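The values are calculated or read from the model by the stated rules, or taken from the named source; none is laboratory data. A quick note: this is a predicted structure, and the numbers were derived from the prediction, not measured. Neighbour counts are summed over all protein chains in view; Cβ atoms, including those assigned to glycine, are modelled from backbone coordinates with ideal geometry. Note: areas computed on protein heavy atoms with side chains; ligands, DNA, RNA excluded. Shrake-Rupley method; radii C 1.70, N 1.55, O 1.52, S 1.80 Å.
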Amino acid sequence: MGIKRFHYARDVEEALSLLAAYEGRGALLAGGVDLARGLAPEVEGLIDVTTAGLAGISADGGGLRVGATTTLEAIRRSQEAQGYLGGFLAKVMGHVATLPLRNMATLGGAVVSAHPWADIPTALVALGAEAVWQNEELTEKASVEELYRRPFRAIFRRALLTEVRFPAWDGAFAFEKVARNAGDIALINCACGLGLDGEGKIAWARVAIGATPHRAKRLTAVEDFLTDEAPSEELWAEAAHKMKTEVEVGDDMRASAEWRRSAAAAIVRRALDRAAKGVTGDA
Amino acid sequence: MKVVGKNVRKVDGIALVTGQPVFTLDVTPPGAVVGKILRSPHAHAEIVRIDTSKAEELPGVLCILHHGNVPRTPYTTAGQGWPEPSPYDSFLFDRKVRFVGDRVAAVAATSEEIADEALRLIEVEYRQLPAVLVPEEAIGPGAPVIHDEEESRGIHDPQHNVAAAIDIRVGDIERGFTESDVVVETTCEFPYVQHVPLESHCVVAYLDEEDRLVIRSATQVPFHVRRIVARALGVPLSRIRVIKPRIGGGFGTKQEIILEDVAAALALRTRRPVVMKYSRAEEFVAARTRHPMKIRIKLGAKRDGTIHAIEMDVLSNTGAYGTHSLTVLSNVGSKTLPLYNKAPHLWFHGKAVYTNLPVAGAYRGYGATQGYFALEVAVDELAEKLGMDPLKLRLANHIRAGETSPIFEKIGEGRAGKAQVVKSCALEECIREGAKRIGWKEKHGKKTSEGRWVHGVGMALSMQGSGITDIDMAAATIVMNEDGSFRLLVGATDLGTGSDTILAQIAAETLGVAVEAISVYSSDTDFTPFDTGAYASSTTYVSGGAVLRAAQEARRRILEVAAAILGEPPESLDLEEGHAVSRGTGKKVPLSEVGHRAMYVTDQRHIIATASFVAPESPPPFAAFFAEVAVDVETGVVRVVKFVAAADCGMPINPALAEGQLEGAIVQGIGHTLYEELLFSPRGRVRNPNLFDYRIPTAADVPDIEVVLIPSDEPTGPYGAKSIGEIGINGPAPAIANAIYDAIGVRLYRIPFTPERVLKALHGKSMG
């Protein structure tokens, strides 16, 4: 009953072997935010992975690599993240929780916890970010979007997320969120990205919506609708309308499906407009 | 004035910010054990069987209390004066549970873990009863009777779940509406909201070396705790001592005896010190809330804008117990209707109804907050119907100094009130100053758009009281030390408001010394004189009145001694800068010499003075509130762009602290208005008993708030002061509702104004 032992993992291998040894009664600890919210009663051992050398941010061509135990605040402040996509990812971090929590919470934790209401998965799905994880036998990787289609909770019972890789994009992204107050989780959120071709038409579009209240998803129908079109206010309005018909929304105690449908359309239109203007801030 | 009216530093400020062990649970007596409460999983059930044998066998469990082994004495948990206006409908533990979270049993154990395990091992067999969660259904035919026990007393109509009722008529309401040229009628709803003090309810209870029961508690009402625990446990009052250390906020929820009785019972049974504290979840479920209300209001006015008739019909939900049910209900009318005293025809009626939901109680604003939401939204509608600027309509109707209202006499503290003429009122200046600062003339009725954000402005007025007339009594003792410094002993309860500081300022001003020369001690029922406690906006006015009188008496005694030293008559002496000074000759003697002589040298005596003050009336503070909002018409998000409050609290004793009270109350009110609400499952369980799902404003949410104090001189108040603690919370809901209407032309009648509700209202309008 309750925590009996606490370990500092010196590296990934040690973390993994400890995790395996606990046979389901161990838990990895990074920021500890989610563990503090609700630790499974069967957990007897905590394995601190912040000592495993997984924190760090580095530019990777036009992309970015972020170690799993990098805190959200470290990303928000990092030069490398601010240089990636006009600081899009860094700014998303500013939407998440409060400073004290951002100083604890890690990117890896956000990916693995994958809360349906969370902001980071929405941004990561839109960005086509790739998760890299390791278990005792091998290293695997998949896009975050793909990962969420797999039984990822089972995967991470015996694996450790080590890194998230962000690809280079020729274009811009924008993030939008509606919450009740500062530091709150989203009632709905979205991340949209656009790139233009030589003729000023939309070469690619990425549209992800989260907190619907389901986990972040891309809306490829909206993306396809936008591709090859010329950016305009009217196009965003039409995309928003498409959004309204395509998006799967539901009720929870925070908001109704009906409101989410309207709000989803509104924030997607805004995000597309801002992305098109190359504006990635709070403008 | 040397000290009063100055922003002196909070006397407890340094101890608080340096983390000194000043709060209830900062110090635990050796050998303390932990008390925990088992709570009901059902909204309404009878306890058929309770078996504690397994729990008792657990090593470390010292005692388990439940209805089978404690006295069954009905009492009220409301820490109010005497006679207690709330029904005696609570028991230490009962055979019945009346809401999800109601007390079933309590455990004392040597550790928190053992106590938790013991709670799990208590076997309880319930017979579930039909529950009623909706006030309208609770008073409808065939509703389950929530208080069917014989022993309860003071319930208005237990068979129909009516805890309290009120029906006050002035003039002839039917005629009033017939004679009116314009009539508006509207219904506003206030949901369940919780106080969320930083420090939850907590207590340490132990037996001292003489076997007296000592209760160290985070309470707003130490003397009521003593009286109520004595009653509930059948212990003589003389055997109980209550100590109130620093308090980490209360807002009314600590005007309740909800933990002291259990901790005391466990301490008496185990003879060990018992520590108890509410978790945040317990705070949401089993502390107290504001009374949710549905208020239907009807206003009639003459064509010229004179308000001629007001009807207020209140349905208040008191939850499972009737604590503060009558007095909060009364306050909905008594604190609102006098504001528009031109109306000769009034009808104020309502019921406070039991339901199988958490218990409502005292909460800053105390019914006035709910009342003003309805009244000030209705006044806005009336202005529109009259084609008048709502500001002008309010100016034409509000009460002024020298005026009265029949309501003062009709409604008191659970009984008739007392006639009162308003002696100080700067409301007109408050309205004008606030209007200037928000830019009323430029902005009202001229909504502007910034993309999807549409801006509007709205306003609301409010008054409150200062203490409870003829009931609230405070006493203070001033003790002079031989070095010319003083101790100020008060039963008044500083719950973070800064009252110790302003009481020291009143004493210092009167004694001609700096605040640093006064050591304030509050409160300990063994060592400080009586005070009804910190509620009803009473401390500055009532406790301050007592301090002023005690200081005046101490001053008289000091001057006697100083006169002997200086060889001059006492009447010719003043107290200034730590000296007694002759107005005629300029001769002076330091207070240290006065104190030394009185204590050790000649005609020895200890200069001590005690005085009491009973509120002879309840002079209202006044305020005008103005909100500028921006509404996102695509998502329904409402943003408060700017909030202005201009308030008349008489002469502010410490302007910075008064402004802080106003700002804090406004922020709390904005929380109510935009996002706070307890949600319930169909079976009465609170769905969001945590700060993740129940949002309160944080520093990052505070908009641009401008507060301005417009002084008036209240002749009955200490140095002209009136109250400021509560009034600020009455403004945000109606001012923001009216501003939203100004922006988007949609009226909202139910807080919180969530994006969902705003958008739905907008869509409803466009469809209509």
- At least 50 Å² of accessible area lost relative to the chain alone, listed for region B:727-764 with a 1.4 Å probe: B:Glu756
- What shape does chain B take by its C-alpha gyration tensor, where a ≥ b ≥ c are the square roots of the eigenvalues and a/c under 1.5 counts as rounded, a/b above b/c as prolate, and the rest as oblate? oblate
- Query: In percent, what relative contact order does chain B have, based on Cα pairs under 8 Å that are 6 or more apart in sequence?
  - Reply: 15 percent
- Query: List the lysines whose alpha-carbon lies under 26 Å from that of B:Lys441, not counting same-chain residues fewer than 8 positions away?
  - Reply: B:Lys302, B:Lys342, B:Lys385, B:Lys392, B:Lys642
- Query: When the C-alpha atoms of region A:5-48 are aligned to their principal axes, what extent does each axis show, in angstrom, from largest down?
  - Reply: 27, 21, 13
- Query: Along the principal axes of its C-alpha atoms, what lengths does chain A span, in descending order and rounded to whole Å?
  - Reply: 60, 43, 32
- Task: Show that you can apply the helix-only estimate: for chain A, add -39,500 (n - 2.57) for every DSSP H stretch of four or more residues, divide by all residues, and state [θ] at 222 nm to the nearest 500.
- Result: -9500 deg cm²/dmol
- Message: Can you tell me, using C-alpha contacts under 8 Å and at least 6 residues apart, the relative contact order of region A:5-48 as a whole percent?
- Response: 56 percent
- Note on the structure: Filtered pair list for chain A (Lys only, Cα < 23 Å, 8 or more apart or interchain) has a length of 14
- Item | Accessible solvent surface per residue of region B:180-224, calculated while the other protein chains remain in place, 1.4 angstrom probe, Å² | 28 Å²
- Message: Need one word for region A:172-276: rounded, prolate or oblate. Basis is the Cα gyration tensor (sqrt eigenvalues a ≥ b ≥ c); a/c below 1.5 gives rounded, then a/b vs b/c decides.
- Response: prolate
- Query: List for region B:630-671: residues with 30 Å² or greater reduction in accessible area, all protein chains versus chain alone, probe 1.4 Å?
  - Reply: B:Glu634, B:Thr635
- Item | Å² per residue, accessible surface of region A:5-48 at 1.4 Å | 52 Å²
- How about B:Lys254: which lysines have a C-alpha closer than 30 Å to its C-alpha, ignoring those fewer than 8 places off in the same chain? B:Lys6, B:Lys10, B:Lys36, B:Lys96, B:Lys244, B:Lys277, B:Lys294, B:Lys335, B:Lys351, B:Lys410, B:Lys418, B:Lys722
- Task: Tell me the label-point distance for the pair B:Thr178, A:Lys244, using the 7 Å Cα-to-Cβ offset, in nm and rounded to one decimal.
- Result: 5.2 nm
- Quick calc of log₁₀ I(q)/I(0), region B:687-766, Debye, one scatterer on every Cα, no solvent, q values 0.11, 0.15 1/Å, result -0.51, -0.80
- Note on the structure: Low-density loop GluC sites (Glu not before Pro), region A:179-255, at most 16 other Cβ within 10 Å, DSSP non-H/G/I/E/B, are A:Glu199, A:Glu229, A:Glu248
- Note on the structure: Restricting to Cα pairs under 8 Å and 6 or more apart, the percent relative contact order of chain A works out to 16 percent
- Output row B,A: buried area (accessible, probe 1.4 Å, summed both chains) in Å², nearest hundred, equals 1800 Å²
- Query: With labels modelled as points extended 7 Å from the Cα through the Cβ direction, what inter-label distance (nm, one decimal) is found for A:Gln79 paired with B:Arg400?
  - Reply: 6.9 nm
- Carbon and sulfur together cover what percent of the accessible area of region B:472-614 at a 1.4 Å probe radius? 52 percent
- For chain B, what proportion of DSSP beta bridges, expressed in % and rounded to the nearest 5, is antiparallel? 80 percent
- Message: Can you tell me how region B:49-174 classifies by the Cα gyration tensor, rounded, prolate or oblate, using a/c under 1.5 as the rounded cut?
- Response: prolate
- Could you check what % of the DSSP bridge pairs in region B:377-532 are antiparallel, to the nearest 5? 70 percent
- Net charge of Cβ neighbours under 10 Å - reference B:Val242; Lys, Arg +1; Asp, Glu -1: +2
- Item | B:Arg271 paired with B:Ser572, simple spin-label distance in nm, labels 7 Å along Cα-to-beta-carbon | 6.7 nm
- Query: How much area per residue is accessible in region B:380-475 when the probe is 1.4 Å and only protein heavy atoms are counted (Å²)?
  - Reply: 42 Å²
- Rounded to the nearest 500, what is the 222 nm mean residue ellipticity of chain B from helices alone, with -39500 (n - 2.57) per DSSP H run of 4+ residues and division by all residues? -8000 deg cm²/dmol
- Note on the structure: Once B:Glu149 and B:Ser449 are pulled to full extension, the length gained, defined as 0.36 nm per residue separation minus their Cα-Cα distance, is 102.1 nm
- Query: For the protein assembly as shown, how big is Rg over Rh, using alpha carbon atoms and the Kirkwood form of Rh?
  - Reply: 1.00
- Task: Give me the percent of the accessible area of region A:172-276 that comes from carbon and sulfur atoms, probe 1.4 Å, all protein chains in place.
- Result: 44 percent
- Item | Solvent exposure ordering (accessible area, 1.4 Å, most first) of B:Tyr521, B:Tyr206 | B:Tyr521, B:Tyr206
